[in-house]
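This report refers to the structure that appears directly beneath it.
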Amino acid sequence: MHELSIAYDLVEIADEAARKAGAARVRTVHLRLGAMAGVVADALRFSFSIAAGGTLVAGAELVIEPVAVQVCCDVCAQPRVLEAPFVFRCPVCKQPVFTLIQGREIQIESIEIEESEAESQAESEEKLDETTPS
Amino acid sequence: MKPRLLELRQAVLDKNDQLAHALRRQFKAAGVLAVNLVSSPGAGKTALLEETLRRMQARGWRVAALVGDLATENDARRLARSGAPVRQIETGALCHLEADLVARRLEGWQLDDFDFLFIENVGNLVCPSDYDLGEAARAVLLAVTEGEDKPRKYPPLFHSADLVLLTKLDLAAAVEFDRNAALASIQAVAPHATIFETSARTGAGIDDWINYLAARRRDLNRDV
C-alpha cells in the first residue's frame, strides 16, 4: 500500500503550489498515471482524500488520466502500445522490446485553484494551523 | 472566487528522485557499486546476501549492507555474522525503502571505505518498484518455491530489474520447479535483465553473480 505515501507526496506538491499562488483552496488535481506505475488508481483516490485532510487540497477531486504503456520496437523502428498483461514483445513482429517510452508516470499535471478572497484565505489558514503540528 | 489552472508537470516522487540522484553521484564519486535487492518476503534476500558478503570479503572486497525491515533486527544480525558493516533500517509501517531513509542511515559511514553497498529492501513485489534509491543495479529475486509466473504478475517491479536472481535452486526438484517456464516469464517482462541461477545453500551461481557485480563496478569507475 504505497499509494498512501504517494498520496501524501501528491498532496504536498499541490498544497505548496496552491499556497504559493495565494489560493483559497484546490478544486481539482490532475494526475497522469502510467499503466506500469504499479499504482492502483482506486487505492490512490482513497488515500488522496485522507492525505488531503487539513490542507488546501481538502475536498479536492483527483482526476486521473491513464497513460498507456508505449515501447519502441527496434526491429520495426516504430512505437508500439502494449496492453495488459504486459509482455515486452512487439505486438507486430513479436521480437523483445527494450525501450520503454511511457507508462511509468506518476506525474502531477496541473491543479485547479480557487483564488482567495481575504476571508476564505484566513479561514483555511486557521484550519491548517489546527491540524499541522509542526 | 474564480477558478484558475496552474500547470505543474512534476513527477510526484520528484523529491525521492532528486535525493536518489544525489546518492547515485555520491556512490559513483566514492567508487561504490550500490545494489538494491528486492523480492517478495521469504525469497531468500538475506541468505543470498549473507553468502555474498562472506565470499566477497574472502576475495578482499570491502562490502557493507543496509537492511530494510518493517520490524525486528533479525536480518541485520544474521548479516553482521559475515563481519561486514551492516545497518538496519526499521521502516515501521512503510512497505518499501525511500532514498531519504537510505541517505540518513548512511550518515557516519565513509563511502570511500566500501567497494560495494547492498541495500536489502523490504520484502514486497509492488511498492519498491517506484522508489529509486540511487542504486547502480536493481536485483530482483525469484525463489524456485514461488510460482514460475510471478514476473508476469508483477511486471512493474520485474521490468525495473537490471538482473533477476533465481534463488533456492537446491529446492528445485522438490517443488518440481519448471525452469523454462520461469525463464520465459522473466524474459517476457524483463527481456533486458541478466539472469543468475543461484543457491545460497550449495553456493551455486553465487560466484557468477559476484563476478558480474565486480564487472559492473569496473564500468562504474570507467565512465566517471
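Within the range B:67-76, the set of residues being open to solvent by 40 Å² or more (accessible area, probe 1.4 Å), part of a helix (DSSP H, G or I) and among the charged types (D, E, K, R) is empty.
Within the range A:1-18, can you find the residues that are hydroxyl-bearing (S, T, Y) and closer than 16 Å to A:H30 by Cα?
Of the residues in the range A:1-18, the ones hydroxyl-bearing (S, T, Y) are A:5, A:8.
Matches in the range A:1-18: A:Y8 only.
When the range A:7-23 is filtered for residues that are open to solvent by 10 Å² or more (accessible area, probe 1.4 Å), closer than 16 Å to A:E112 by Cβ and within 7 Å of chain B (Cβ to nearest Cβ), the ones remaining, listed by number, are A:I13, A:A17, A:A21.
Considering only the range A:24-38, how many residues are more than 15 Å from A:E112 (Cα to Cα) and at the interface with chain B (Cβ under 7 Å from one of its Cβ atoms)? Looking only at that region, the number is 3.
Taking B:A30 as the residue in question, decide whether it is open to solvent by 10 Å² or more (accessible area, probe 1.4 Å) and either within 14 Å of chain A (Cβ to nearest Cβ) or within 13 Å of B:A103 (Cα to Cα) (or both). Reasoning before the result, please.
On the way: open to solvent by 10 Å² or more (accessible area, probe 1.4 Å): yes; either within 14 Å of chain A (Cβ to nearest Cβ) or within 13 Å of B:A103 (Cα to Cα) (or both): no.
Answer is no for this residue.
Taken over the range B:183-208, residues that are under 14 Å from B:R152 (Cα atoms) and open to solvent by 50 Å² or more (accessible area, probe 1.4 Å) amount to 1. Pairs meeting the criteria (first residue in the range A:56-77 and closer than 30 Å to A:R19 by Cα, second residue modelled with pLDDT under 95, beta carbons under 9 Å, at least 6 apart or on different chains) are A:L56/A:S124; A:L56/A:L128; A:A58/A:S124; A:A58/A:K127. Criterion applied to A:I50, A:I108 was being β-branched (V, I, T), on the phi < 0 side of the Ramachandran plot and not in a helix (DSSP H, G or I), and the one residue passing it is A:I108.
Condition first: touching a Leu at 6+ places or on another chain (Cβ under 6 Å) and either surrounded by fewer than 20 Cβ atoms within 10 Å (Cβ to Cβ) or in contact (Cβ under 8 Å) with a residue 60 or more places away in the chain (or both). Can you find one or more residues in the range B:170-182 that meet it? Lay out the reasoning, then the answer.
Pass one, the range B:170-182, residues touching a Leu at 6+ places or on another chain (Cβ under 6 Å): none.
There is no residue in the range B:170-182 that is touching a Leu at 6+ places or on another chain (Cβ under 6 Å) and either surrounded by fewer than 20 Cβ atoms within 10 Å (Cβ to Cβ) or in contact (Cβ under 8 Å) with a residue 60 or more places away in the chain (or both).
Kindly check whether there is at least one residue in the range A:120-134 that is of a type outside the set (K, R), at pLDDT 85 or above and outside any loop (DSSP other than H, G, I, E, B). No, the range A:120-134 contains no residue that is of a type outside the set (K, R), at pLDDT 85 or above and outside any loop (DSSP other than H, G, I, E, B). Can you confirm whether the range A:49-58 contains a residue that is open to solvent by 40 Å² or more (accessible area, probe 1.4 Å) and within 12 Å of chain B (Cβ to nearest Cβ)? Checked against the condition, which is being open to solvent by 40 Å² or more (accessible area, probe 1.4 Å) and within 12 Å of chain B (Cβ to nearest Cβ), the range A:49-58 yields no hits at all. Only a single criterion out of (1) closer than 30 Å to A:A35 by Cα; (2) without any contact (Cβ under 8 Å) to a residue 40 or more places away in the chain is not satisfied by B:L163, namely (2). Residues that are within 21 Å of B:N16 (Cα to Cα), within 10 Å of chain B (Cβ to nearest Cβ) and open to solvent by 10 Å² or more (accessible area, probe 1.4 Å): does the range A:40-48 have at least one? So far as the range A:40-48 goes, yes, one or more of its residues are within 21 Å of B:N16 (Cα to Cα), within 10 Å of chain B (Cβ to nearest Cβ) and open to solvent by 10 Å² or more (accessible area, probe 1.4 Å).
Residues in the range B:47-66: is at least one within 14 Å of another protein chain (Cβ to nearest Cβ) and either open to solvent by less than 10 Å² (accessible area, probe 1.4 Å) or of a type outside the set (G, A, S) (or both)? Walk me through how you get there before you give the answer.
Going residue by residue through the range B:47-66, those that are within 14 Å of another protein chain (Cβ to nearest Cβ) are none.
No, every residue in the range B:47-66 fails to be within 14 Å of another protein chain (Cβ to nearest Cβ) and either open to solvent by less than 10 Å² (accessible area, probe 1.4 Å) or of a type outside the set (G, A, S) (or both).
The values are calculated or read from the model by the stated rules, or taken from the named source; none is laboratory data. Only a predicted model underlies this, so the values are computations on that prediction, with no experimental measurement involved. Here Cβ is always computed from backbone atoms with ideal geometry, including for glycine, and neighbour counts include all displayed protein chains. Just so you know, the surface numbers come from the protein's heavy atoms only, side chains and all, with ligands and any DNA or RNA stripped out. Shrake-Rupley method; radii C 1.70, N 1.55, O 1.52, S 1.80 Å.
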